[in-house]
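For reference, the structure discussed in these notes is given below.
The values are calculated or read from the model by the stated rules, or taken from the named source; none is laboratory data. The shown structure was predicted, so the numbers you read here are calculated from the model rather than taken from an experiment. Glycine gets a Cβ as well: all are built from the backbone with ideal geometry, and neighbour counts include every protein chain shown.
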Ligand code: NAD
């Protein structure tokens, strides 16, 4: 047995585009608000950051070292909430950016939460199920001192899923000696998960997309062509819901490339194919009805709506000019760089920003947490009704601020969210 081998290079805090983007957006938004300088600096910084190096026994008997992070950005409005990501590119600055966006997202949709995010540097596709479970349980045990239903509540994100949440919930429960379903959200339904959570982020994306289209007089669903980057939890459920409602999903991609049909794809067949085996990729989908495209080609696809639902920094100065859609709905967190944003704005393309467009996930996570704490569970009809109500209320608010200040929706969403945290901070005062 070899001990202490690393599966990835030792972590360093490198400059990170997403972190730069989150700070640039913040600086721009606070310039519209009349707030004390100290408060501006306070909200710009993460409250606390946790880095953990931990060993995992691999299937061949070797012990390998992994590094994970959990960042609590701001807890003024309540316990912190945010996903855990497993990906090779995870670093502390990426997690800082995602934690900050969670603070604004929860504040924007009016949830009683602060923002957090976590991540482990690993490639989950290269781990066996047993290794994945071992890594998750060890990381969860390292997180025990800083998570709980009343302090910080993790959820799934890129590379993690409901099974990951089940292992975290079980590890936490075994440590404290009793079952604590409310310590995570996005769990399987049979251990306290919520109806509709799995689909919530993708469905929320489509709910706000439909609202944006409606406000532009576009109501014939079968005439609207949608292209989606990312076919994971968010992208695939957005695609499924859109095609169920009668929209034409013309292109979807994953890390390998994607499928394209100008007349509309059979999304359910693509979904079943990619979920049939763990490593099934869209580029390997064979059908006469589908052209396989490269990732870059997606940006030039003729469509009305473009939904980036993969990862950060995807729409930038190098490709924002190629986008044919008149509406961009951000399923991913931070998919557009400030340079990309400027180009889209100059071209008159409306962007529904991430903290509004993908807030369906954390909203149903909130419902799950409330149900777990009350031990009283709602049906899917109620979940969808409440989800729609909350997202559309936030949408209205964003449009009102945008019109009032004559700014785009991203700035309006950030201003409203930041001001909510700012006013709560001022009401609470600075301890001691
Ligand atoms: P996931 O791991 O389930 O799926 C990610 C998808 O993106 C996969 O299909 C992957 O192949 C694809 N992908 C990766 N790199 C790509 C590339 N370069 N080009 C095209 N596709 C690529 O992750 P997810 O949970 O769907 O999260 C996607 C995004 O949505 C992330 O930004 C995440 O932070 C955000 N988000 C997720 C949730 C949630 O509830 N899961 C909620 C809010 C926001």
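In table form, for the structure just shown:
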quantity	calculated
Leading residue by the ranking (farthest from the ligand (Cβ to nearest atom)) among those in region 160-188 that are under 15 Å from the mean Cα position of the chain (by Cα) and buried (at least 23 other Cβ atoms within 10 Å of the Cβ)	185
Those residues of region 223-243 which are within 14 Å of the ligand (Cβ to nearest atom), assigned to a helix (DSSP H, G or I) and buried (at least 22 other Cβ atoms within 10 Å of the Cβ), in sequence order	233, 234, 235, 236, 237, 238, 239
Members of region 118-157 found to be within 16 Å of the ligand (Cβ to nearest atom), assigned to a helix (DSSP H, G or I) and within 25 Å of residue 103 (Cα to Cα), listed by number	136
Total residues in region 38-66, condition touching a strand residue (DSSP E or B) at 6+ places or on another chain (Cβ under 7 Å) and within 23 Å of residue 23 (Cβ to Cβ)	7
Within region 273-377, helices (runs of 4 or more DSSP H) holding 2 or more residues that are surrounded by 15 or more Cβ atoms within 10 Å (Cβ to Cβ) and near the ligand (Cβ under 10 Å from one of its atoms)	354-357, 360-374
Leading residue by the ranking (surrounded by the most Cβ atoms within 10 Å (Cβ to Cβ)) among those in region 196-222 that are at negative phi and in a loop (DSSP other than H, G, I, E, B)	218
Test: residue in region 87-97 that is touching a strand residue (DSSP E or B) at 6+ places or on another chain (Cβ under 8 Å), assigned by TED's automatic domain parsing to the domain that holds residue 143, part of a strand (DSSP E or B) and in contact (Cβ under 8 Å) with a residue 24 or more places away in the chain	yes
Search result, residues across region 73-90 that are within 16 Å of the chain's Cα centre (by Cα) and crowded, with 21+ Cβ neighbours inside 10 Å	73, 80, 81, 82, 83, 84, 85, 86, 90
Qualifying residue in region 192-212 (condition: more than 13 Å from the ligand (Cβ to nearest atom), farther than 21 Å from residue 49 by Cα and touching a strand residue (DSSP E or B) at 6+ places or on another chain (Cβ under 7 Å))	yes
